[in-house]
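To start, the structure under review is shown below, and the notes come after it.
Laboratory data are not the source of any read-out in this text; all were calculated from the coordinates shown. Being a predicted model, the structure only gives us computed values, none of them experimental. Cβ placement follows ideal geometry from the backbone for every residue including glycine, while neighbour counts extend to all protein chains displayed.
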Amino acid sequence: MNFKKVGLTVLMIFLLAGGAGAVTEIDSCTTISEPGYYLLNKSIMKNSDCIYINSSNIIFDGAGYSINGVSSNFYGVFVYNSSKVLTNVTVKNLNVRDSNYGIYYKNVQNASIIDNNASENINGIYLDDSRNISLINNIASNNHQKGIYSYCKGINLDYSRNIILINNTASNNVEKGIYLYNSFNSTLLYNIALNNPIGIKLEGLDNELKGSATHTLSYNTVSEGSDGIFLVLSGGSTLNNNTASYNHNNGIYLSDSEKSYLSNNIASNNNGDYATGIGIFFSNDSRLNNNIVSNNFYQGLHIEQSNNVRLTNNIASNSDYGIYLHSANNITFSGNNVSNNNYGFNSFTSMNNSIYNNIFNNTINFAFSGYNANYWNTIKTTGSNIVGGYYLGGNFWAQPDGNGYSQNCVDSNSDGICNLPYTLDANNIDYLPLSLKFISDLIEPTTLIGLSGTLGDNNWYTSDVQVTLTATDNEGGSGVAKTEYTINGGSWIQYSVPFTISNEGTTTIQYKSTDVAGNVETVKTQDVKIDKTTPASITNLTNISYASNYINWTWTDPTDLDFDHVWVYIDGVSNGTVQKGYQFYNATDFEPDTEHIISTRTVDTNGNVNQTWVNHTVKTSLQSVRLPETGDINGDGKVTLVDAIYLAKHVQKIKGYETIYADDDINGDGQVTLDDAIYLAKHVGGFRGYGKIY
């Protein structure tokens, strides 16, 4: 064994790879017991076990060289320590051939196997009791048993978790291309498995929980094997966007794998005598969506001993049997296209299944054996159906020669539903078979908006506003499918019941409706303006002047920016408004010596009314009256007894006035009373000839 230190260039490569320190070159089989970066500097021909790694924190870089054996009884690279778990071990850039195990990890965690070619071994890459392992860009071909194999002994769920395989190729292996046994939470992406008896197989143990594996397989390609993708006891797994084609038995096969989800997979041209595109066995509560199974020799989709499975929007075509149910109950089968098969839908002793909104266009659309009682339609509901009609109901029954029931049924009201049911047998009747004789709808629906609240001025609301959207389609149209709205540019929300706008300010609502035919209304816009804040009250309300017949009040306006005017009530009766800035009100036409109340409330520009009254009370004065200064009370040009009598008659009227001038206070006692009339009568002679009475 020869070791030597190499220079700066390789050191930099090591540093970039995440290591530290010098690089150790290897040119023969050896044991690696110290952390570091180890670089193979030539190919090795072995006749025993070759590279044994028993330390953590190792990078073994094959640098493109090979480890070749003269006997397949030994391993190429073995990573294991019997006394502890090894971590952070990477084997990369290595070619290994003619070994029992090309690359073998046992009891290893948080490690990787990258860019290796493990071909022509008994087992190419083998993982035992390991987890958090990443296998990336490896090739495992022409191995006598498995190409890539992960195995965990026992039932401990902590073992063989989180295995990640990305962009590996496993081809021409004698048993299996990629095989994970009793492993959990594995992820397989963009792998290729070609010409293996089983391309990719994930298998648990009988005593494991069936729903606990949760594998993810995406964008893998498996072909030219016996079985393509094979999951056993691997419940909770997700398979999407995989291609399984040209296999001799099954494209994708699940057994005892409950709650699995298969979507957007292609399983086609699987061509053995019993070849099936996708087979689901003993796997309750699974979901199959948007898968394509075509040109399979025997069956497109096979569901057996599995309940509560949902199959939607799948295509099953050009096989002997499109769909086959065997002792499968409570299946939901909708939105699928089953066409150009010899037999479309075949059911063996399967009951209580809901089968609606599918296309069946096959030589023979259905066949039953055993006892079968299923539902072949949902209730008639507005919605786009699988042939473009405007109602959901049953299925579209066609035949390639044009003589299918739905192709020729009577649809007198052109609603896309045949007038009469289609009876498959006594226990299987489609009461609402679909028709193509519906009227085309090219007109968008119309939506009206209704606003309910307290409307103030200038289209502002002074309360919360309830919004109602009412949509209608054109007469004879397909009907409204949905109405949507958005608030202030947010996400679109499907309308169901009136909603309330509470925020003050301007809220912008956009809304539209879509009919069943797919016509979308041009978006409409409605601004909702809300101002629920009332202005403050006026202050300093007082009267600045008054007389016997008027009162003049003043006040100070509130400082609110949107304050607009003051409502004025006099003695409880509205007397109009005073605009912002004037701050006074003059009330007239009062009687002397009477009390009056002014009441005010403020109003803003949007119509909000301050509900608080601001009041002020004041009394008018007595009336000022000037009697003739000459004592000529009756105005006949003479001061006589007649003036005294006139004064006596009218003195009560004079009493109510505010001011009686001294000229009228004849006797000088400060009052105008009957005494002044008597005084005038007694002294009338003394006034004769004088221009004034004083």
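A few points about this structure:
- Here residue 579 and residue 474 are evaluated by their C-beta separation; at R0 = 56 Å the FRET efficiency comes out at 0.65.
- Sites residue 556 and residue 494 - FRET efficiency at Förster radius 51 Å, r taken between beta-carbons, to 0.05: 0.45
- The stretch between residue 241 and residue 85, if pulled fully straight at 0.36 nm per residue, gains 52.6 nm over its current Cα-Cα span.
- The simple spin-label model puts a point 7 Å past each Cα toward its Cβ; for residue 342 and residue 166 those points are separated by 4.6 nm.
- Total charge dipole magnitude, region 28-133, about the Cα centre, Cβ charges on Lys, Arg, Asp, Glu only, Debye to nearest 20: 80
- More than 18 Å apart - percent of Cα-Cα pairs taken over region 195-284: 36
- Here r is the Cβ-Cβ distance between residue 371 and residue 611 and R0 is 60 Å; the resulting FRET efficiency, rounded to 0.05, is 0.20.
- In this structure, the pairs whose alpha-carbon distance is over 19 Å, taken from 92/176; 84/106; 42/92; 482/524; 482/529, are 92/176; 482/529.
- Between residue 189 and residue 308, the modelled label-to-label distance comes to 3.1 nm, taking each label 7 Å out from Cα in the direction of the beta carbon.
- Pairwise centroid distance, computed over Cα atoms, of region 298-371 with region 57-134, Å: 46
- P(r) histogram, all alpha-carbon pairs of region 539-620 included - 5 Å bins from 0, percent: 3, 15, 28, 25, 15, 8, 4, 2, 0
- Within region 559-595, backbone nitrogen closer than 16 Å to the virtual label 7 Å beyond the Cα of residue 547 toward Cβ: 586-594
- Using 0.36 nm per residue and subtracting the Cα-Cα separation, the extra length available between residue 110 and residue 290 on full extension is 61.2 nm.
- At full extension, residue 536 and residue 219 could sit 107.2 nm farther apart than now, given 0.36 nm per residue minus the alpha carbon distance.
- Computed about its Cα centre, the charge dipole of region 539-620 is approximately 80 debye, with only Lys, Arg, Asp and Glu carrying charge at their Cβ.
- Principal semi-axes of the equivalent ellipsoid, √(5λ) from the alpha carbon gyration tensor of region 446-530, are 26, 13, 10 Å from largest down.
- Gap separating the Cα centres of region 494-527 and region 571-625, nearest whole Å: 46
- Computed from point charges on the beta carbon alone (+1 for Lys and Arg, -1 for Asp and Glu), the dipole magnitude for region 446-530 about its Cα centre is near 120 Debye.
- Neighbour counts of C-beta atoms inside 10 Å place 537, 435, 99, 369 in the sequence 369, 537, 435, 99, starting with the fewest.
- Residues 584, 368, sorted so that the one with the fewest Cβ neighbours within 10 Å comes first: 584, 368
- Label zone (residue 403, point 7 Å along Cα-to-C-beta; backbone nitrogen cut-off 16 Å) within region 351-379: 361-366.
- Label-point separation, residue 43 to residue 137 (7 Å along Cα→Cβ), nm: 2.1
- Computed over neighbours whose Cβ is under 11 Å from that of residue 438, the net charge equals -2, Lys and Arg +1, Asp and Glu -1.
- 50, 418 arranged by Cβ crowding within 10 Å, fewest neighbours leading: 50, 418
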